[in-house]
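Down below is the structure, laid out as structure tokens.
The values are calculated or read from the model by the stated rules, or taken from the named source; none is laboratory data. Because the structure is a prediction, the values reported are computed rather than measured. Reconstructed Cβ throughout: ideal geometry from the backbone, glycine too, with neighbour counts over all protein chains shown. The accessibility values were calculated without ligands, DNA or RNA, using every heavy atom of the protein model including side chains. Shrake-Rupley method; radii C 1.70, N 1.55, O 1.52, S 1.80 Å.
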Amino acid sequence: HCLAVRAVCQREIDCDRGKGYSWKITLLRNYWKSKVKQEWLSGKYSNIPSLFSLPEKSMYPMDVDTWGEILEAELER
């Protein structure tokens, strides 16, 4: 599971591991973020008509670098 999450959130996983978090804590801290981030990166929300069309779990607190990755993916589509 950790490797699957790391495939999407490498920077976040590496940062948490560098801070000394165990793999278990690192996974707990990043699991849902990786799910939401993967949906954004895959284009699931590329053509939404409004904010109200987003599923409730489509948002997750993400840092500016993560949103930058998502924006880059959108610009490449």
- [ ] Express the carbon and sulfur contribution to the solvent-accessible surface of the chain as a percent, rounded to the nearest whole number, probe 1.4 angstrom.
- [x] 59
Open item on the list: If you count only protein heavy atoms with a 1.4 Å probe, what accessible area per residue comes out for the stretch 1-76, rounded to a whole Å²?
Closed with: 70
Task: Coil-residue trypsin sites (Lys or Arg not before Pro) of the stretch 1-47, DSSP, other Cβ within 10 Å capped at 16 - done: Lys19, Lys44
Open item on the list: Charges at C-beta only: +1 for Lys and Arg, -1 for Asp and Glu. How large is the resulting dipole of the chain about its Cα centre, in Debye rounded to 20?
Closed with: 400
- [ ] Please report, to one decimal in angstroms, the Kirkwood hydrodynamic radius of the stretch 1-76 built from all distinct Cα-Cα pairs.
- [x] 13.2
